[in-house]
Amino acid sequence: MSKAPMRVAVTGAAGQIGYSLLFRIASGEMLGKDQPVILQLLDLPQAQKAVQGVMMELDDCAFPLLAGMVATDDPNVAFKDADVCLLVGARPRGPGMERADLLTANGAIFTVQGKAIAENAKEDVKVLVVGNPCNTNAYIARSAAIKVGRTNPNNYHGMLRLDHNRALTQLAQKSGRPVSSLKQLVVWGNHSPSMYADYRFVTSNGDSVKNIINDAAWNNDVFLPTVGKRGAAIIDARGLSSAASAANAAIDHIRDWHLGSSEWVTMGIPAPADNGYGIPEGLVFGFPCECKNGTFTLIKGLEIDDYAKSKIAITLKELEDERAAVASML
Ligand SMILES: NC(=O)c1ccc[n+]([C@@H]2O[C@H](COP(=O)([O-])OP(=O)(O)OC[C@H]3O[C@@H](n4cnc5c(N)ncnc54)[C@H](O)[C@@H]3O)[C@@H](O)[C@H]2O)c1
Ligand SMILES: O=C(O)C[C@H](O)C(=O)O
């Protein structure tokens with residue numbers, strides 16, 4: 001017997017990430033090739049015509065798993081009974097802008113949407129914030145949702161998976177090992193140039209990738225700036241922010257969370273009270289996680305040496321500053 005459809009809400013459905021994301025969700029790449037989906041598409045009133053165009057194209061793909069579509073400018077309709085919410089809709093960063101510039105502009109959106117999710121979605125809804133600054137936007141949405149109650153506050157995530165995937169490819173290219181062989185990467189902290197991509201634990205077929213590379217200067221002077229500033233490099237090259245790779249990372253995040261993963265994955269999760277890494281409870285922070293049976297677990301007890309400690313302190317400080325900057329909105 002075929003499965004009951006799952007409801008996936010996507011905000012910013014008419015945008016460029018939406019255009020890369022929706023077709024892959026409808027084809028089963030996110031929730032499984034046997035899982036029907038209903039897409040619930042939210043965008044602003046002025047973008048509704050464009051959403052209709054995307055829906056026409058989705059229809060024209062005749063996806064066997066696409067069991068229905070809803071287009072709306074009302075968050076209460078978009079999030080109704082949702083199993084998964086992908087919060088993409090936000091103002092993207094343009095040339096010369098920093099993420100901090102987006103905090104106020106986008107913060108208001110996530111207060112409204114967090115409340116609407118908590119009031120309308122399934123109690124165990126999985127929420128992934130892609131719209132930047134995604135960690136703090138997830139923190140805002142979660143704070144608004146907690147006021148309502150009902151939904152699981154641990155399930156409001158920010159997307160660090162793009163940083164994780166970017167780091168994997170840089171490591172594969174430097175070490176000469178296939179990307180598929182690399183295990184146990186962690187990206188700590190904020191989705192911003194301050195993130196700390198930590199390959200101290202990465203192995204390839206049992207070999208330490210840190211030992212294969214054996215180049216501390218490359219780590220500090222090339223690898224971390226390349227991964228951290230990749231978003232800006234893409235904006236500079238394309239004149240638009242990353243879209244297909246961002247959509248791909250969102251698919252990876254939710255797929256692993258829903259279907260499980262045999263590898264460590266980086267997820268921006270609300271820091272648990274007893275995380276053991278000194279991150280204040282509730283701050284949405286990139287952590288190493290394992291995913292099984294539709295849930296995620298923080299990997300605890302990794303050794304944090306002095307270099308890692310100093311890098312984690314920088315990204316933590318940035319997130320604490322962002323939290324302070326939005327305190328009046330909560
Ligand atoms: N976390 C990441 O790794 C990552 C990577 C790339 C981009 N991003 C971010 O994702 C966001 C979307 O990027 P994009 O390139 O698709 O932008 P885009 O401008 O192409 O599309 C954004 C869409 O969101 C809609 N929108 C704006 N406010 C909305 C609201 N309140 N409710 C619903 N929809 C709304 C717009 O109408 C538009 O259709 C940006 O914030 C961008 O910075 C994050
Ligand atoms: O950097 C940006 O503004 C877009 C996105 O967050 C990215 O990392 O590509």
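The values are calculated or read from the model by the stated rules, or taken from the named source; none is laboratory data. Note that the coordinates shown come from a computational prediction; the quantities given were computed from them, not determined experimentally. Note that we place each Cβ from the backbone using ideal geometry, even for glycine, and neighbour counts take in every protein chain shown. For the accessible areas, the whole protein counts, side chains as well, though only heavy atoms, and no ligand, DNA or RNA atoms are used. Shrake-Rupley method; radii C 1.70, N 1.55, O 1.52, S 1.80 Å.
Which of the numbered conditions does Val222 fail, given that it passes all the others? Conditions: (1) among the β-branched types (Val, Ile, Thr); (2) surrounded by 15 or more Cβ atoms within 10 Å (Cβ to Cβ); (3) in a helix (DSSP H, G or I).
(2)
Checking the conditions here, which among Gln52, Gln48, Gln40 is polar (S, T, N, Q) and within 17 Å of Pro5 (Cα to Cα)?
Details: Gln52 fails: within 17 Å of Pro5 (Cα to Cα); Gln48 fails: within 17 Å of Pro5 (Cα to Cα).
Among Gln52, Gln48, Gln40, only Gln40 is polar (S, T, N, Q) and within 17 Å of Pro5 (Cα to Cα).
I'd like to know if segment 244-257 contains one or more residues that are over 28 Å from Gly15 (Cα atoms) and touching a residue at least 40 places away in the same chain (Cβ under 8 Å).
Taking every residue of segment 244-257 in turn, none turns out to be over 28 Å from Gly15 (Cα atoms) and touching a residue at least 40 places away in the same chain (Cβ under 8 Å).
Return the residue satisfying two criteria in turn: it lies in segment 51-74 and is surrounded by fewer than 16 Cβ atoms within 10 Å (Cβ to Cβ) and small (Gly, Ala, Ser), and of such residues it is nearest to Asn120 (Cα to Cα).
Checking each candidate, the answer is Gly68.
Out of Ala26, Ala108, Ala67, Ala4, report the one residue that is small (Gly, Ala, Ser) and within 15 Å of ligand 1 (Cβ to nearest atom).
Answer to the check: Ala108.
Filter segment 145-180 down to the residues that are open to solvent by less than 10 Å² (accessible area, probe 1.4 Å) and away from ligand 2 (no atom under 16 Å from the Cβ), then identify the one that is farthest from Val125 (Cα to Cα).
By that ranking, first place goes to Leu171.
Of all residues in segment 252-268, which are farther than 19 Å from Ile304 by Cα, of a type in the set (A, V, I, L, M, F, W, C) and touching a Leu at 6+ places or on another chain (Cβ under 7 Å)?
Scanning segment 252-268 gives a single hit, Ile254.
At least 2 residues that are in contact with a helix residue (DSSP H, G or I) (Cβ under 7 Å, 6 or more places away or on another chain) and more than 30 Å from Tyr307 (Cβ to Cβ) in each: list the helices (runs of 4 or more DSSP H) lying fully within segment 110-213 that qualify.
134-148
Can you pull out the residues in segment 51-64 that are within 14 Å of ligand 1 (Cβ to nearest atom) and under 17 Å from Ala9 (Cα atoms)?
Val51, Gln52, Val54, Met55
Only residues that are open to solvent by 20 Å² or more (accessible area, probe 1.4 Å) and among the small types (Gly, Ala, Ser): list them for segment 1-34, please. Give the derivation first.
As a first pass, look at segment 1-34 and keep what is open to solvent by 20 Å² or more (accessible area, probe 1.4 Å): 1-7, 14-17, 19-20, 23-24, 27, 29, 33-34.
Scanning segment 1-34 gives Ser2, Ala4, Ala14, Gly15, Ser20, Ser27.
Can you tell me how many residues within segment 161-185 are closer than 20 Å to Leu316 by Cβ and more than 14 Å from the chain's Cα centre (by Cα)?
Number of matching residues: 2.
In segment 16-49, which residues are in contact with a strand residue (DSSP E or B) (Cβ under 6 Å, 6 or more places away or on another chain), free of Cβ contacts under 8 Å to residues at least 40 places away in the same chain and not in a loop (DSSP other than H, G, I, E, B)?
Once the filter is applied, which keeps residues that are in contact with a strand residue (DSSP E or B) (Cβ under 6 Å, 6 or more places away or on another chain), free of Cβ contacts under 8 Å to residues at least 40 places away in the same chain and not in a loop (DSSP other than H, G, I, E, B), segment 16-49 yields Val37, Ile38, Leu39, Leu41.
Out of Val37, Val88, Val77, which single residue is buried (at least 23 other Cβ atoms within 10 Å of the Cβ) and farther than 20 Å from Met159 by Cα? So that I can check it myself, show each step before the final result.
Working: Val88 fails: farther than 20 Å from Met159 by Cα; Val77 fails: buried (at least 23 other Cβ atoms within 10 Å of the Cβ).
Within the list Val37, Val88, Val77, the selection yields Val37.
Out of the residues in segment 225-263 meeting the condition of being more than 10 Å from ligand 1 (Cβ to nearest atom), among the hydroxyl-bearing types (Ser, Thr, Tyr) and farther than 16 Å from Ala172 by Cβ, tell me which one is surrounded by the fewest Cβ atoms within 10 Å (Cβ to Cβ).
Ser262
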